[in-house]
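Peer 1: Below is a structure I'd like to ask you about.
The values are calculated or read from the model by the stated rules, or taken from the named source; none is laboratory data. Note that this is a predicted model, so its numbers are computed, not measured. Cβ coordinates were reconstructed from backbone atoms using ideal geometry, including for glycine residues, and neighbour counts include every protein chain displayed. To get the accessible areas, we keep the full protein, side chains included, count just its heavy atoms, and leave off ligands, DNA and RNA. Shrake-Rupley method; radii C 1.70, N 1.55, O 1.52, S 1.80 Å.
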Amino acid sequence: MLSGHDEKLVPPPFLAAAAGHEVLTSHKQSTIFSTAEVNLALSNTTTVIRLFFYAILAACGGFLLGYDNGVMGGVSSSNAYLQLFFPEVMSSKMSGSGSVYCVYNDHILSLVTSSLFLSAAPSALLGGYLCNKHGRKAVLMASGLAFLIGTAMVASSFSVIQLVLGRLLLGVGVGLSTMATPMYLTEIAPYKWRGRLNICFQLFITIGIFGAQGLNLGLLSIADYGWRISLALGAVPALLIILGCILLPDTPTSLIARGQDARAKAVLGYLRGTSQKKEADTVFSSEVNEEFEILKNSVENTLSSQRGSFCALFTRLRCRPHMFMCCLLPFFQQFTGINAIMFFGPQLFQAAGQGDRASLLSCVIIGSVNVGSTFLALWLADLCGRKRLFFAGAVQMLLTLGVVAGLIQLIKTQYAGNTRIAAAIIALICLFVSGFAYSWGPLAWLVPSELANESTRSAGMGLTTFTNFFFTFVIGQAFLPMMCSMEWGVYLFFAGFVIIMSLYVQCTLPETMGIATEEVEGLICGSWPWRMWCNEKLEDQGVETIAVKPCV
């Protein structure tokens, strides 16, 4: 998008200062900018701060999903919550009868936890249409409002029906925000910063999880209504995204697609640091004009050649690779088993011999590892490449899942109550979460947003989010029965999927690091698995393909 691929990547000012590089200060800007000034625009401190500020505001959409993921595990293990809604589960927990792996095996308890994703999945598809019609910013605002109303319902619940209805409404907010946020971040980012800005979404998911787990631990002492406070505090991330949307501009791509070219150019110049104001009458530099024309032509060409975002994604041969990757990446992400740990962490650790407080503390420790490793991904994604991170994270997850399965079997058969083995299990699960957090966690959201072109990006992200949430619902419903019947074997089940998804990524996924979104389509069709579907179509349209070796 900007100049060429040999342009030097300029680090954010706080990273540059830490590395001993000079941080450029704000320079005086005029109405028309020279080429030299534009080349320095993204190294200007004010511009970098502005770009990261908008990225952080938009990434607050990840707070909604993260907070709910983190809070429900602790709430579901709360004695007051169980006594009110699931007295039979509470009786089984207090009596200690039966297998420790089966204490929480109740399908209604699982349904309450996973029902959010039952509404989040179709909401993501609806969000794709709404993003095209009303823009990314409007969808983010709607997600915050839906989550706020749902929070009020679940925090005031006195029946399972009200609880489920409230969580269905929470799911609408989560579905809309999770679909729109990665798309927004992709479209405002310069292509060489796209990885780290997009990973802000996953970072805020992990911060939300960690914050909710900490609150669960802190509110455990409030026996009667601590769980209500935990649920009610979900209003905080909802208000953050609502208030943040007041300050956010819509993306240039979205504005162009809706016929607002002048405003789109103004926003693009503002994001690239060549204007201090967003009015449409500003005269911009030649490089901003060039980037705008490339973006405009790309949007117009794809819109004119396709019959709608979803229709094109499912019917046109050259969009078939996008469709498969938008389905398979989130599918594999869920079958790493990460949400089984995030949803039911306290239950897992209680099955390993920990008490209520110790199990919640273990979840907080894991949440902190999750956040720290996602910060690592901000640096690695645009340094090592997507495919290397996918593979490295998968190896780490595979090894830890195998060892955890063996240790849990030892606890069951020979070393019941052994605190050292229990501590080793916690440490290994921390390593598992770390491997996920710098690889499959952020990249399964980032890569689909990079692969789709401008006209199918909203549909692609809608399909990605739908697939993610549908299989999150499946995992949420199936995990407690699986843990009851398979016990330690459930970890080997997920380890098997880690092997399969690693082979898939290595053999079919093109490397998108440092590639402008307008050029990714040619890269995809140069990859050997997809040539039979799209090369002829692209050659007819004059799109250059880039040959990629299989299984590199």
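Peer 1: Cross-link list 137/296; 137/265; 133/192; 133/387; 192/296: which exceed 22 angstrom alpha carbon to alpha carbon?
Peer 2: 133/192; 133/387
Peer 1: Using bins 5 angstrom wide from zero, how does P(r) for segment 422-483 break down, in % of all Cα pairs?
Peer 2: The percentages, shortest bin first, are 4, 15, 14, 17, 20, 13, 8, 5, 2, 1, 0.
Peer 1: Sorted by average packing, counted as other Cβ atoms within 10 angstrom per residue and highest first, what order do 382-392, 85-95, 208-218 take?
Peer 2: Result, highest mean first: 208-218, 382-392, 85-95.
Peer 1: Work out, step by step, the length gained on full extension between residue 410 and residue 261: first 0.36 nm times the residue separation, then minus their alpha carbon distance; give nm to one decimal.
Peer 2: My answer for the length gained is 47.2 nm.
Peer 1: Accessible area of segment 354-432 with a 1.4 Å probe: how many percent of it is carbon plus sulfur?
Peer 2: The C+S portion of the solvent-accessible surface of segment 354-432 is 70 percent.
Peer 1: So how much accessible area does residue 485 have, in Å² to the nearest 10, using a 1.4 Å probe?
Peer 2: 90
Peer 1: Here is a further query. Would you tally the net charge around residue 351, using a Cβ to Cβ cut-off of less than 10 Å, leaving residue 351 out, and scoring K and R as +1, D and E as -1?
Peer 2: Neighbour charge sum, excluding residue 351 itself: 0.
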